[in-house]
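The values are calculated or read from the model by the stated rules, or taken from the named source; none is laboratory data. Everything numeric here is computed off the predicted structure, so don't read it as measured data. Remember, those area values only see protein heavy atoms, side chains included, never the ligands or the DNA or RNA. Shrake-Rupley method; radii C 1.70, N 1.55, O 1.52, S 1.80 Å.
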Amino acid sequence: MTAFPYTVPVMAGYLFLGMTYGIFARASGLGAIFPVGMSAVVFAGSAEFLMVSLLREAFDPVKVFFVIFLLNARHLFYGISMLEKYKGTGFKKWYLIFGLTDETFSVVYTAQPPAQTDRGWFMFFITLLDHSYWMLGAACGALFGSIIRFNTEGLDFVMTAMFTVILINQWQKVENRASVLIGVGASVLCLVLLGAEDFLLPAMALMLLLLTLLRKRLSGEVAA
């Protein structure tokens, strides 16, 4: 399959993180069908991890909606940049939009399909393969989580660790670090003012507001 080699780096990460997610969900008392179902219909790794934690608290649908919405609000920005690429892909566009994750975006946006390869199907199979890797990892984690007994304390920290690595990687790669500083600054400010229990939602809202207001200036600096 033409698309497969482009997805190998994503496969390595998604299988491991998907398994971690499946184990974490099972260790949190959720049934095996939960991580598999969530991976199939949600397909947003950080949101899926967060949902496990939110479901262990008193259920607040309004809080869940806004936290998940703000957590994935970044998709609005890079999703817009894919409109031109997705033009003319027909019915495949709906799945391409659904399956647009951070990693899939980085592959689809930069990869050029080989000559005589249909661009729409090329992007479709990259997205489908990435989705399959995550579902397979979650299914294996859900299975292992039900038959293997070990101390899972701190397992939910894997997403924090992953985002920390991504943050460091972005900090090293880009010259304009304003967006990184906005994210860190907003988080620290809300943490200090509101405390660890209540800072997340306001911090994400503040980040979204600042990045939206400063979008043209930040884009201009990057282009320069």
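With a cut-off of 8 Å between alpha carbons and a minimum separation of six or more residues, what is the relative contact order of the chain in percent? It would help to have the intermediate numbers written out before the result.
Numbers: 204 pairs, mean separation 74.5, N = 224.
Result for the chain is 33 percent.
Please calculate how many Å² of accessible area the chain carries per residue, with a 1.4 Å probe and no DNA, RNA or ligand atoms counted. Write out the running numbers ahead of the final one.
Details: 13030 Å² over 224 residues.
Per-residue accessible area for the chain comes out at 58 Å².
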**Heavy-atom SASA rank of Y86, Y78, Y109 (probe 1.4 Å, accessible area, largest first)** = Y109, Y78, Y86
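For the stretch 42-137, what does the convex hull of the Cα positions come to per residue, in cubic angstrom?
104 Å³
Per the helix-only calculation at 222 nm, which mean residue ellipticity applies to the chain, given -39500 (n - 2.57) for every DSSP H run of n ≥ 4 and division by its residues, nearest 500 deg cm²/dmol?
Values: 13 runs with 168 residues, N = 224.
Estimated from H runs of four or more residues: -23500 deg cm²/dmol.
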**Request:** Restricting things to alpha carbons, find the Rg to Rh ratio for the stretch 1-97 using the Kirkwood radius for Rh.
**Result:** 1.02
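What's the Kirkwood radius of the chain in Å, using all Cα pairs? It would help to have the intermediate numbers written out before the result.
Values: mean 1/r = 0.0525 Å⁻¹.
Its Kirkwood hydrodynamic radius stands at 19.1 Å.
With every protein chain kept in the model, how would you rank E57, E48 by accessible area, 1.4 Å probe, largest at the top? Don't jump to the answer; show the numbers that get you there.
Numbers: E57 95, E48 0 Å².
Result of the area sort, largest leading: E57, E48.
What is the percent carbon and sulfur in the accessible area of the stretch 16-143, measuring with a 1.4 Å probe over the protein chains and ignoring ligands? Show your work: numbers first, answer last.
Values: 4460 of 6230 Å².
Using a 1.4 Å probe with all protein chains present, the stretch 16-143 comes out at 72 percent carbon and sulfur.
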